[in-house]
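Questions regarding the structure given below will be posed in turn.
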Amino acid sequence: MLQADLVIIDDLDARTAARQLNLPIIGTLGILYRAGITGLIDFPTAIAQLQQTSFHVSQTLVQQILQDYYRHVQRSQI
């Protein structure tokens, strides 16, 4: 039995299979998001750099996660 807090998976088919097995999953964007909200990295810069690679992600998802990030940062400053 796999014992892990999270399984790091980006491949869509693999994520679907992991969900069917009730495995807790996170992808590259999720890892970067967590690092950004904890102040370990500059999240928007990391996303921009990631988009310059062969990493494939929908622009809709990128915009959504950036909006979530900015809302989180804004709430943290209050």
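Mind checking whether some residue in segment 3-11 is without any contact (Cβ under 8 Å) to a residue 12 or more places away in the chain and of a type in the set (A, V, I, L, M)?
From segment 3-11, those without any contact (Cβ under 8 Å) to a residue 12 or more places away in the chain are 3, 11; that's our starting set.
With the extra rule that they be of a type in the set (A, V, I, L, M), the set shrinks to none.
So far as segment 3-11 goes, no, none of its residues is without any contact (Cβ under 8 Å) to a residue 12 or more places away in the chain and of a type in the set (A, V, I, L, M).
Report, by residue number, each residue of segment 36-71 that is in a helix (DSSP H, G or I), under 21 Å from residue 11 (Cβ atoms) and of a type in the set (A, V, I, L, M, F, W, C).
46, 47, 50, 61, 62, 65
Mind listing whichever residues of segment 23-35 are part of a loop (DSSP other than H, G, I, E, B) and either surrounded by 14 or more Cβ atoms within 10 Å (Cβ to Cβ) or more than 16 Å from the chain's Cα centre (by Cα) (or both)?
So the first thing to find is which residues in segment 23-35 are part of a loop (DSSP other than H, G, I, E, B), and the list is 23-24, 27.
Passing the criteria: 23, 27.
Do you know which of the residues in segment 47-64 that are under 11 Å from the mean Cα position of the chain (by Cα) and open to solvent by less than 50 Å² (accessible area, probe 1.4 Å) is modelled with the lowest pLDDT?
Per the criteria, the residue is 57.
While we're looking at this one, here's another question. Being under 14 Å from the mean Cα position of the chain (by Cα) and of a type in the set (S, T, N, Q) narrows it down to one of 3, 67, 20, so name that one.
67
The values are calculated or read from the model by the stated rules, or taken from the named source; none is laboratory data. Worth saying up front: this structure is predicted, and the values here are computed from it rather than measured. No Cβ is skipped: glycine too gets one built from the backbone with ideal geometry, and neighbour counts run over all protein chains shown. Heavy atoms of the whole protein, side chains included, go into the accessibility calculation; ligands, DNA and RNA do not. Shrake-Rupley method; radii C 1.70, N 1.55, O 1.52, S 1.80 Å.
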